[in-house]
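Derivation of every value follows stated rules applied to the coordinates shown; laboratory data play no part. Being a predicted model, the structure only gives us computed values, none of them experimental. Reconstructed Cβ throughout: ideal geometry from the backbone, glycine too, with neighbour counts over all protein chains shown.
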Amino acid sequence: PPDGLSPPWYPTPRGGTAERWADSYRKAADMVSRMILPEKVNVTTGTGWSMGLAVGNTGPATRVGFPALALQDGPLGNRFADNSTAFPAGVTVGATWNRDLMYQWGNAHAVEARKKGINAILGPCVGPLGRAPAGGRNWEGFGADPYLQGVAAAESIRGIQDEGVMATIKHFVANEQEHYRQSWEWGLPNALSSNVDDRTMHELYLWPFADAVKAGVASVMCSYNMVNNSYACGNSKLLNGLLRDELGFQGFVMSDWLAQRSGVASALAGLDMTMPGDGLFWADGKSLWGPELTRSILNGSVPVERLNDMVTRIVAAWYQLGQDDETKFDRKGPNFSSWTYDEEGLIAPGSPTDQEKVKVNQYVDAMGNHSSIARQIAAEGTVLLKNNDLLPITRDGQIGAAKKQRAGTLQIAIFGEDAGPGNGPNYCKDAGCNQGTLAEGWGSGAVDFPYLVPPVDALLEGWRNGSDSSSSARVNVSTYLTNDPPIAKQPHLLEKADLCIVFANSDSGEGFIKWDSVTGDRPDLSLQKGGDDLIVKVVNGCGGGKGDVLVVIHNVGPVTVEKWIDHPNVKAVLLANLPGQESGNALADIIFGDVSPSGRLPWTIGKGLADYGEGGQVMYVPNGIVPQQDFNEGLYIDYRHFDKYNVTPRFEFGYGLGYTTFSIHNLVVTPLRPKSAFPAPRPDPFAAPPEYDASVPSPDEVLFPPDLRRLEKYVYPYLDRVDDIGSAPYPYPDGYDVEQPPSAAGGGEGGNPDLWETYVSVSVDVANTGDRAGQAVPQLYLSYPQPAKKNDGDDEQEEVDFPVRVLRGFEKIALEPAESRTVTFELTRRDLSYWDVGAQNWAMLEEGAYTFSVGESSRRLAVNGTW
Ligand code: NOJ
């Protein structure tokens, strides 16, 4: 195709080829073969916005035993639901660097989703990947690195699906900013096009989706934006080529809400389910599928085989998750309403048709003891950026590792709106404003809090308890929960304090909500609501210029800290990310020293937004009627950019301190398989996809049943008349008749199975060299052989450009003082390969040596070795 255009890839590879899904496909084939046309269409099409109790609802095929499916955001808890936990956000989970907690996070959420009658969680989120640090929704995902995103996605998907709930990996793909992600919110005729080259697509943006498919994810949500000038939900190269042929995806593709922009074309390009079911606009009832899909099957525009594949994928996913087992998963649908907290409400509030109210909220308490896992993630996802002998501060006022104690009472003053409750945690719908303590970003990825523990409450409780337990008060705390405390007029408020704790934050979210100057994406990386000014004032005045200051930040992504970070009175800085409902308790666990901080930055903190380079910038002003966002920086985002261009970050990717210290030594490289340029030949499929009768069904099947009580705007699969169907098929897209050869990189779930084989292992010894227990996060970074020559053997060997280093392994381990443990990283063929555009395959470099460096951050590399 001409430059900047997405190539055609047809027809859609059918599901049912993988071993792990074989049983489910067999059962699905049996059920689908008994469905009539409108039933099949019903399964693929949402009933319309607000036309069911969940955020997304499909039509059932009741006659053959297939229920309506309820899909709910995600990814940090049950959106619009009562009695559900507000877990920490993805960014906080990423910052834990703890695989087990990634799993637990997904698992606990799924328990709650299942108890509320939800079939599919709309999460986890790995797109945005984090190309632009100011991107509004980065916080829903796990950090600006494909490996970290991939591990966290796979773990959380396993956690979700082990509970029998479908996970949905989103947004596929290159949905890196909110501005112009779709047309209607931004007054443009079209969405933005993310223009991504093939290698960058594979090594960055597609990478975590491969992990998700490998983990068996049931569903993939395609994104609003275009990719290479073709809408992601109608992009055959993405959905048929990359996702199905190359990654071997067996589940189904659902559209983001109104991200479907064409009817027949998106069906042919590989979309399986349209959400919420309405067409080009919200709640207009004019579906691009529903009756139109029925019509296009009857007139031959969409091959019956494609519809059968769509339905089979959805039904197979349902079997795969064991949702047919009514002892585990009841079929009554959601026991709560997304649209009201009243006990009674409408089943389809989106329709103006008269309906009777029924009981829609049963107020099932889904939370169990999940507050403890939420608290643990929030604590482990808190990053200690600086600590000059200030933290921890015990409940009875002992300071730092040396446990210094003041002679008299320790006077503490807490400043900042972000420390307190504000107007309550659910003051703005979808958390669409920044007020009170920040514990989640805004948009569809936000939930209503059952409660939110503000930091000030937990800190006051601890220090009050501490004072109570001794005869004389050791700690005295005063609080000023505003960013505009009267400290100019009453300087003694600051002067009398020995220790000042100042809170500030930075918020963002999904582009349908604007708050202050933040239209989804942030305009800059500064602290908001005057946070920097507040910090500077507190630092200058605390204890008359002699007091110690602890800065606590809640944040959606990187924030600049330059105005105060180097001030000698700033003794400690905690970056708490988005901690969810247990915010205060988790922070108190760290400040009091019950938990040694073990969070690590899941992205780089630069000195300013410009440090991230041109490719790190959100497009705030559209550059055409289809805004063209060229990913010219290629692989060089976040630390890959800082490393390549020698930009010194303030705090590098992977960085974080604790209350103890570690040493890493004794790196041993153990080759397990010989190097070879390309993976083994693509294996044959395990099974053939199900075969059905492919003849066009009789039009009589599709007429509205006469006894059906029709709701206005509700999306049904039926037609009013069939005498106008015709038979002229819709003109198929260019390239539809050219069958594509299977990719050599495919052949299994997540790609060619050889890509997932371990080729080399690297072990290190990690020792706790301090005098407290703590958790270390040894990280392995890979550097490719340099200069690297392509494997293609032609005379003019082209050199391949590589990032200085890329993350390819991490572990989190708990160590007692003086304890030492060996940690082993296994590197797969994929980990060692790059995407060779010419060969259209993953390529390993046989000449030269790979370097493996292990350390405590991307720039604190203690040991290395080669292979
Ligand atoms: C749009 C968002 O982009 C997506 O993440 C979400 O799942 C759907 N809306 C449904 O709320």
ask   = Hey, among Ala61, Ala22, which residue is buried (at least 24 other Cβ atoms within 10 Å of the Cβ), more than 30 Å from Phe631 (Cβ to Cβ) and among the small types (Gly, Ala, Ser)?
value = Ala61
inquiry  = Restricting to the stretch 125-140, and then to whatever is within 11 Å of the ligand (Cβ to nearest atom) and assigned to a loop (DSSP other than H, G, I, E, B), can you tell me which residue is farthest from Leu832 (Cα to Cα)?
reply    = Gly136
task = Would you confirm whether any residue within the stretch 372-380 is within 27 Å of the chain's Cα centre (by Cα), surrounded by fewer than 19 Cβ atoms within 10 Å (Cβ to Cβ) and free of Cβ contacts under 8 Å to residues at least 24 places away in the same chain?
result = yes
task = Report the residue count in the stretch 146-203 for those that are closer than 29 Å to Gln840 by Cβ and part of a helix (DSSP H, G or I).
result = 16
query = Does Leu239 fit the bill of being closer than 22 Å to Asn841 by Cβ and more than 14 Å from the ligand (Cβ to nearest atom)?
reply = yes
inquiry  = When you check Leu271 against the structure, is it crowded, with 24+ Cβ neighbours inside 10 Å and away from the ligand (no atom under 16 Å from the Cβ), yes or no?
reply    = no
key: Inter-residue pairs, beta-carbon under 7 Å, first buried (at least 17 other Cβ atoms within 10 Å of the Cβ) and in the stretch 626-647, second assigned to a helix (DSSP H, G or I) and of a type in the set (Phe, Trp, Tyr), 6+ apart   = His641/Tyr612
request  = Any chance you could count how many residues in the stretch 821-840 are more than 16 Å from Val151 (Cβ to Cβ) and not in a strand (DSSP E or B)?
outcome  = 7
task = Starting from the stretch 472-495, keep only residues that are within 17 Å of Gly547 (Cα to Cα), then list their pairs with residues that are assigned to a strand (DSSP E or B) and among the β-branched types (Val, Ile, Thr) whose Cβ atoms are within a distance under 8 Å, requiring at least 6 positions of separation or different chains.
result = Val475/Ile412; Asn476/Ile412; Val477/Ile412; Val477/Ile414; Ser478/Ile412; Ser478/Ile414; Thr479/Ile414; Tyr480/Ile414
inquiry  = I need the full set of residues from the stretch 265-287 which are over 28 Å from Ser24 (Cβ atoms) and not in a loop (DSSP other than H, G, I, E, B), in order please.
reply    = Ala265
query = When you look at Arg26, is it closer than 24 Å to Ser695 by Cα and in a loop (DSSP other than H, G, I, E, B), yes or no?
reply = no
request  = Would you check if there is a residue in the stretch 26-48 being within 14 Å of the ligand (Cβ to nearest atom), closer than 30 Å to Gly445 by Cα and among the small types (Gly, Ala, Ser)?
outcome  = yes
note = Taking the stretch 249-268 and the residues there that are surrounded by 24 or more Cβ atoms within 10 Å (Cβ to Cβ) and among the hydroxyl-bearing types (Ser, Thr, Tyr), the one that is nearest to the ligand (Cβ to nearest atom) would be Ser255
Condition met for Ala497 (in contact with a strand residue (DSSP E or B) (Cβ under 7 Å, 6 or more places away or on another chain) and crowded, with 18+ Cβ neighbours inside 10 Å) = yes
task = Quickly run through the stretch 310-326 and pick out the residues that are within 16 Å of Ala61 (Cβ to Cβ) and part of a helix (DSSP H, G or I).
result = Met310, Val311, Thr312, Arg313, Ile314, Val315, Ala316, Ala317, Trp318, Tyr319
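Yes/no per residue for (1) over 22 Å from Met102 (Cα atoms); (2) assigned to a loop (DSSP other than H, G, I, E, B); (3) hydrophobic (A, V, I, L, M, F, W, C):
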{"position": "Gln376", "(1), (2), (3)": "no, no, no"}
{"position": "Gly408", "(1), (2), (3)": "yes, yes, no"}
{"position": "Asp418", "(1), (2), (3)": "yes, no, no"}
{"position": "Asn423", "(1), (2), (3)": "yes, yes, no"}
{"position": "Gln435", "(1), (2), (3)": "yes, yes, no"}
{"position": "Glu440", "(1), (2), (3)": "no, yes, no"}
{"position": "Ala446", "(1), (2), (3)": "no, yes, yes"}
{"position": "Asp457", "(1), (2), (3)": "yes, no, no"}
{"position": "Gly462", "(1), (2), (3)": "yes, no, no"}
query = If we keep just the residues of the stretch 49-67 that are more than 26 Å from the chain's Cα centre (by Cα), outside any strand (DSSP E or B) and not polar (S, T, N, Q), which is nearest to the ligand (Cβ to nearest atom)?
reply = Met51
remark   = Filtering the stretch 412-431 down to residues that are surrounded by 19 or more Cβ atoms within 10 Å (Cβ to Cβ) and either more than 14 Å from Leu481 (Cα to Cα) or of a type in the set (Asp, Glu) (or both) yields Glu417, Asp418, Pro425, Asp430, Ala431
inquiry  = Please go through the stretch 407-428 and give me each residue that is more than 14 Å from Lys529 (Cα to Cα), hydrophobic (A, V, I, L, M, F, W, C) and touching a Phe, Trp or Tyr at 6+ places or on another chain (Cβ under 9 Å), ordered by number.
reply    = Leu410, Ile412, Ala413, Ile414, Cys428
message = Here are the criteria: (1) among the basic types (Lys, Arg); (2) away from the ligand (no atom under 14 Å from the Cβ); (3) over 18 Å from Phe142 (Cβ atoms). Tell me which single one Arg158 does not satisfy.
response = (3)
query = What number of residues in the stretch 533-558 are in contact with a strand residue (DSSP E or B) (Cβ under 7 Å, 6 or more places away or on another chain) and either assigned to a strand (DSSP E or B) or surrounded by fewer than 24 Cβ atoms within 10 Å (Cβ to Cβ) (or both)?
reply = 10
query = When you go through Asp734, Asp723 one by one, which is the residue that is among the acidic types (Asp, Glu) and more than 30 Å from Val837 (Cα to Cα)?
reply = Asp723
Enumeration of residues in the stretch 162-209 that are away from the ligand (no atom under 16 Å from the Cβ), polar (S, T, N, Q) and closer than 27 Å to Val518 by Cα = Asn190, Ser193, Asn195
query = Which members of the stretch 595-621 meet the condition of being of a type in the set (Phe, Trp, Tyr) and not in a loop (DSSP other than H, G, I, E, B)?
reply = Tyr612
Leading residue by the ranking (surrounded by the most Cβ atoms within 10 Å (Cβ to Cβ)) among those in the stretch 511-530 that are within 16 Å of the ligand (Cβ to nearest atom) and not in a loop (DSSP other than H, G, I, E, B) = Asp521
Test for Leu122: is it farther than 22 Å from Tyr180 by Cα, out of contact with any His (no Cβ under 6 Å at 6 or more places or on another chain) and either in contact (Cβ under 8 Å) with a residue 40 or more places away in the chain or within 15 Å of the ligand (Cβ to nearest atom) (or both) = no
task = With the condition kept exactly as written, say whether any residue in the stretch 92-106 is of a type outside the set (Gly, Ala, Ser), under 25 Å from Asn138 (Cα atoms) and within 16 Å of the ligand (Cβ to nearest atom).
result = no
task = Quickly run through the stretch 563-585 and pick out the residues that are over 23 Å from Gly543 (Cβ atoms) and more than 22 Å from the chain's Cα centre (by Cα).
result = Gly584, Asn585
request  = Report whether or not Ala504 is under 30 Å from Asp396 (Cβ atoms) and either within 16 Å of the ligand (Cβ to nearest atom) or part of a loop (DSSP other than H, G, I, E, B) (or both).
outcome  = no
